Amino acid sequence: MNEKYVRENFVALARSLFERGYATGGAGNISVKLDDGTILATPTGSSMGRLNPETLSLVDINGNHLSGDKPSKEVEFHLALYRNNQACNAVVHLHCTYLTALSCIDDLPSDNVIKPFTPYFVMRVGRLPLIPYFNPGDPQIAIELANKAADYRAFLLANHGPVVTGTDLEDAVDNAEELEETAKLFLLLNNHPIRYLSDEHITELSRRRK
């Protein structure tokens, strides 16, 4: 795909997320793999609402800075996902309200934070493991994600927010949006009995996963 288009689309999608409140200030970062295997990523300290397509960070799969502004320190965990899941071609990390709120709840199940209750969560994400808390930029985040990369599409960093992958940037953004909506519904349903999906329904829906 034409790199100029990818850069412009990158900026447009990041701005859309920012304008709708999925990221605030300089929080959050996204990346996408180019056809040559290099990675475009948000620069350090940048706002997702005010990116410049010409100054996006370009790094190789080992994290070497090739061009553009200096990349976010969190690009390391993006690279861990690319290196350990061949189907991953984009990564979205947000500090969106409902998923971040969910990530702060104590005693969440580590293997799957949200028991499926909508078909869209199953088809878009499937399962959402919890990654233990580490300070932002801690190399251990990349190690934790690398260990789970092959088995999941999305992850919840404790007290931090979601990390969501996709087959391309649009897919990753769509997955992130669906996941945030699921967290919103989950918190709205607090103290109400929930009709969870059956194992049979989950199995059938998993077959439809894009």
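No value in this document is a laboratory result; all are computed from the given coordinates. Note that this is a predicted model, so its numbers are computed, not measured. Glycine gets a Cβ as well: all are built from the backbone with ideal geometry, and neighbour counts include every protein chain shown.
Here is the figure for the range 190-210: residues that are under 24 Å from the mean Cα position of the chain (by Cα) and exposed (fewer than 12 other Cβ atoms within 10 Å of the Cβ) total 5. Selection of the range 133-148 for residues being among the basic types (Lys, Arg) and in contact with a helix residue (DSSP H, G or I) (Cβ under 8 Å, 6 or more places away or on another chain) yields an empty set.
Going residue by residue through the range 115-130, is there one that turns out to be over 16 Å from Leu99 (Cβ atoms) and without any contact (Cβ under 8 Å) to a residue 60 or more places away in the chain? Checked the range 115-130: no residue is over 16 Å from Leu99 (Cβ atoms) and without any contact (Cβ under 8 Å) to a residue 60 or more places away in the chain.
Taking the range 31-49 as the range and being out of contact with any Phe, Trp or Tyr (no Cβ under 8 Å at 6 or more places or on another chain) and part of a loop (DSSP other than H, G, I, E, B) as the test, the residues that pass are Leu34, Asp35, Asp36, Gly37, Thr38, Thr42, Thr44, Gly45, Ser46. Sub-9 Å Cβ pairs linking a first residue in the range 1-30 that is in a loop (DSSP other than H, G, I, E, B) to a second residue that is of a type outside the set (A, V, I, L, M, F, W, C) and exposed (fewer than 13 other Cβ atoms within 10 Å of the Cβ), at least 6 apart or interchain, are Met1/Asp35; Gly26/Gly45, ordered by first then second residue.
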